[in-house]
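This report concerns only the one structure given below.
The values are calculated or read from the model by the stated rules, or taken from the named source; none is laboratory data. Note that this is a predicted model, so its numbers are computed, not measured. Cβ: placed from backbone, ideal geometry, glycine included. Neighbour counts: every protein chain shown. For the accessible areas, the whole protein counts, side chains as well, though only heavy atoms, and no ligand, DNA or RNA atoms are used. Shrake-Rupley method; radii C 1.70, N 1.55, O 1.52, S 1.80 Å.
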Amino acid sequence: MDNPRASGSVEAPPFLLGLFLVTSASMAAEVLVTRLLSVVTWYSLAFLVLAMGMFGLTVGAVRVYLRSEEYVSERLASSLSRDALAFSVLLPLSYILLLLIPLRVEPVWTTPLLFVVFAAIVALPFVPAGQVVAAAVTKAPFPTGRVYAVDLAGAALGAPLVPELLERTNLGTAILLISALAAMGALAFARSGEEEGGERWGLRGAVILLLLAGLNHHAGHRGLVTLWAKGRAEERSQVEVETWNSHSRVQVSKVSRGAASLWGAGSKCKIPQVRQRMILIDADAATPLYQLEKGLEDLAFLDCDVTNIVHQLRPGGAMAIIGVGGSRDLQAALRHGHDPVVGIELNRRLLEVLKGPLGQPTGIPGHPAVRLVHDEARSYLSRTNQQFRVIQASLIDTWAATGAGAHALGENGLYTVEAWRTFLDRLEEGGVVTMSRWASGETVRLVAMAMQALLERGVARPRDHMALVQGGPVTTLVVGKQPLTEEDGRRLRETAEAKGFRVIFAPGTPLGPDKMNEVLGAATIEELHRATLLPELDYRPSTDDRPFFFNVVRLRAFARVINPQAGGTIEGNRMATTTLVLSLLSSLLLAVVAIVLPLWRKARPAGRVGLALGAGLLYFAMIGVGFMLCEVGLLQRLSLVLGHPTYSLIVVLASLVAAAGVGSLLSDRLPLGTAPGCYLLPVVLMIVLLGVGWGLPALAPTVQSLPLRSRISFAVAFTASLGLLLGMAFPTGMRLVRATSEEETPWLWGINGVGGVIASSSAVMIALEFGLRTLFFVSAFCYAALLPAVFVLRREATAR
């Protein structure tokens, strides 16, 4: 039987409990900071949290090595208690600093410095968390397998904790409660040692203080709230309700009378004064709640918005609305006699607003023709057997993704050729899909997507199925399952004349010699791609493999001066790519300063860097890069399967980390440190990753049609199976280098972390240019590169 107090100084149960609590809090903090950045910055910076989380943990490991005298057996419990307490204090401090600093992308010299500071603030709490993990795993007087298993079990359970907290509280409260969890870990570490009672009472006080702060924050209406969002100061005086969940912050304004909010108003329309509330999602995406005073006829002005022009072509019948947001699309559908009206909304908070007291004056709650569905639209439409006369999607995104968030983790899944296949399959005979976007490069790509979906269905002249109308800054594309008729074209032209819209193309309307005409004239998919791929801009149809609908600027051209007539999102795309580059450079600079230089000063390899050390550095750099490329690829791919990036973040992080821990433990029981096992593992990983690159896209369409619970089960099983194998590479490498370069272990930890930090940023660039599948192929190459490293390590060990 194990002695609960090993070596007479550290008691196992409270020690392992402390580790569990800290690692759980660390993973939860990573997800929470991602949610914060979606509000104060943009979705595309989610990868920065991954990079800085990895960076902080690696810096922590290096600090444990450089200050090893503080983690000797006699001082281990008190040092880990101190580090856990530091984590619990630095997490809310980092959160407050992120609330105060406006991150902007401007052509001034201070912008790169601001990014470095911002990235460092993100990483700040993860450094002491990394110290706890590194010291616990390497210094604890307990079986390493047991300690490592507890470490990863805590991390795996930390991610699913976030949705539960945000469903019941808000982000500031969740941060404080997670900090209290870390402080509990500090108390557990103190109990595992021989600390004096006074110190324990101080830690109990810290736990109680953080818990009380969290509860008080939850009960109040002020507190730790954002001051800046998307580079602008936030105005909160008109906010009546603010709610959070795992994938959004929803603010509802006070009711007011003012000009009706229309996205694509016709130039001949008079905008009336109405009573309305505005719903704001993640500080930038707005949607109105129109209040009825007499009835739906109060809202006749909705016909003046080009997003509703479809009702002039197909009034009445079954209608599906993707992303109901507020009330406008539902109310417009009811005005024109659609029955049933199925509103599909992924964000449950929006449905709660619409169904609750604030939504009652809209006339939507309780209406017999309306059925509101909480689901992801592609999945729901894939499962249902219902056919619709109209499927509508009007400006469905969080707006943040349109410009600065053009790269990763936006609502890209609705804007792919595969999604259009689903939409067209759900139409009845004569039915139409209508989709509205901003009049810019997005419009060209939207048309190209519809063109490819029709060409894949065997349609000889896709242009006969399509019409495009512009109102103000918005264009609406109407695509029929069958060709649109001359009568459809006549109605569009009459409506456009009456409302002040512009018909860009429609049946019976001649086309001009411009880029749109070239796209519409494509007779094959190859011709379509040639017409839409330009030297500086890429309008090719987005697919599930390249789901970056909102980004049209090619990486090679982001620093050039591009023709401003190319579209209104060009500058936003350039800012997004600049953000990506600055984040990568910031991550690299911080890695060199905080990891490489400290190691070089104290742990500089003696003499020249020999073959064994070079092979070890190659091995650990490659598994750092390969693991992170695979993780980002899974995050992106499974985001499309699960329907939202936050679901993917939680599921992938939890299952990948947990399975990697199991794989690491299993590696102790397998002959992977000797031939042929040490050669077989890289080969198996390479084959599996190549299979994932080819197989996951083939599986995804089938899985997307399943209910959410089944999709989550698939994602967990798939990710865990892969993580099981990936988790074996690190401990196998440690066993291989033990005979040749054991004294250089800190360098191996450090280069592994640097590789992961760099890969988390560069992965987005690779996916933008070559597709998500390429991430798995490059990851496979990284693991294949382990073979020469293993050969050298084995040869050097034999020679010695």
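Structure data summary
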item: Estimated FRET transfer efficiency when R0 is 22 angstrom, pair Val137-Val592 (beta carbons, to 0.05); result: 0.30
item: Helix axis angle, 76-100 relative to the chain longest principal axis, alpha carbon, degrees; result: 20 degrees
item: Under the Karplus curve 6.51 cos²θ - 1.76 cosθ + 1.60, θ = phi - 60°, whole-Hz ³J(HN,Hα) for region 359-375, x wherever Gly or Pro sits; result: x, 4, x, 7, x, 7, x, x, 5, x, 8, 9, 10, 9, 10, 8, 6
item: Cα centroid of region 531-551 to Cα centroid of region 686-764, whole Å; result: 28 Å
item: The chain, relative contact order [Cα under 8 Å, separation at least 6], %; result: 14 percent
item: Å² per residue, accessible surface of region 46-149 at 1.4 Å; result: 36 Å²
item: Percent carbon-and-sulfur accessible area, the chain, ignoring ligands, DNA and RNA, probe 1.4 Å; result: 62 percent
item: Cysteines not pairable in the chain (beta carbon separation under 4.7 Å absent); result: Cys630, Cys678, Cys782
item: Amide proton proximity set for Phe501, modelled H, under 5 Å, gap of 5+; result: Ser267
item: 12 Å beta-carbon shell around Val790, net charge (K/R +1, D/E -1); result: +2
item: Sites Thr509 and Glu536, calculated FRET efficiency, Cβ-Cβ separation with R0 30 Å, nearest 0.05; result: 0.55
item: Stokes-Einstein D in µm²/s, Kirkwood radius over Cα pairs - region 140-298 at 37 °C with 0.692 mPa s viscosity; result: 165 µm²/s
item: Cα long-axis angle, helix 46-66 against the chain (0 to 90 degrees, to the nearest 10); result: 10 degrees
item: Chain lengthening between Lys355 and Val72 when straightened (0.36 nm per residue, less Cα-Cα); result: 96.0 nm
item: Phi-based couplings in Hz for region 112-122 (Karplus 6.51, -1.76, 1.60; Gly and Pro marked x); result: x, 4, 4, 5, 4, 4, 4, 5, 5, 5, 4
item: Built amide H within the under 5 Å cut-off of Gly264, gap 5+; result: Val306, Thr307
item: Flagged links, alpha-carbon separation over 26 Å, of Lys270/Lys294; Lys230/Lys254; Lys355/Lys499; Lys294/Lys355; result: Lys355/Lys499
item: Karplus-derived HN-Hα couplings along region 425-436 (A = 6.51, B = -1.76, C = 1.60, θ = phi - 60°), whole Hz, x at Gly and Pro; result: 5, 8, 8, 7, 4, x, x, 9, 9, 10, 9, 10
item: DSSP beta bridges in the chain [antiparallel fraction, %, rounded to 5]; result: 70 percent
item: Virtual spin-label span in nm between Arg491 and Glu293, 7 Å along Cα→Cβ; result: 3.1 nm
item: Tensor-based shape of region 414-501 (alpha-carbon gyration tensor, a/c under 1.5 rounded, otherwise prolate or oblate); result: oblate
item: Helix 745-770 vs. the chain, principal-axis angle (Cα, 0 to 90°, nearest 10); result: 10 degrees
item: Mean accessible surface per residue for region 409-485, computed with a 1.4 Å probe while every protein chain stays in place, in Å²; result: 24 Å²
item: Length-normalised contact order of region 679-800 in % [C-alpha pairs under 8 Å, at least 6 apart]; result: 55 percent
item: Estimated [θ] at 222 nm from DSSP helical runs (n ≥ 4, -39500 (n - 2.57)) normalised by residues in the chain, nearest 500; result: -18500 deg cm²/dmol
item: Region 648-751, relative contact order [Cα under 8 Å, separation at least 6], %; result: 54 percent
item: Amide hydrogen neighbours beyond the local backbone of Asp544, cut-off 5 Å, H modeled; result: Val417, Glu418
item: Accessible surface, region 261-403, averaged per residue in Å² (probe 1.4 Å); result: 32 Å²
item: Spin-label pair Arg232/Arg601, simplified geometry with 7 Å Cα→Cβ offset, distance in nm; result: 4.4 nm
item: Theoretical FRET efficiency, 1/(1+(r/R0)^6), r = Cβ-Cβ of Leu706 and Arg457, R0 25 Å, to 0.05; result: 0.55
item: Simple spin-label estimate for Leu666 and Phe781 in nanometres, 7 Å along Cα-Cβ; result: 2.8 nm
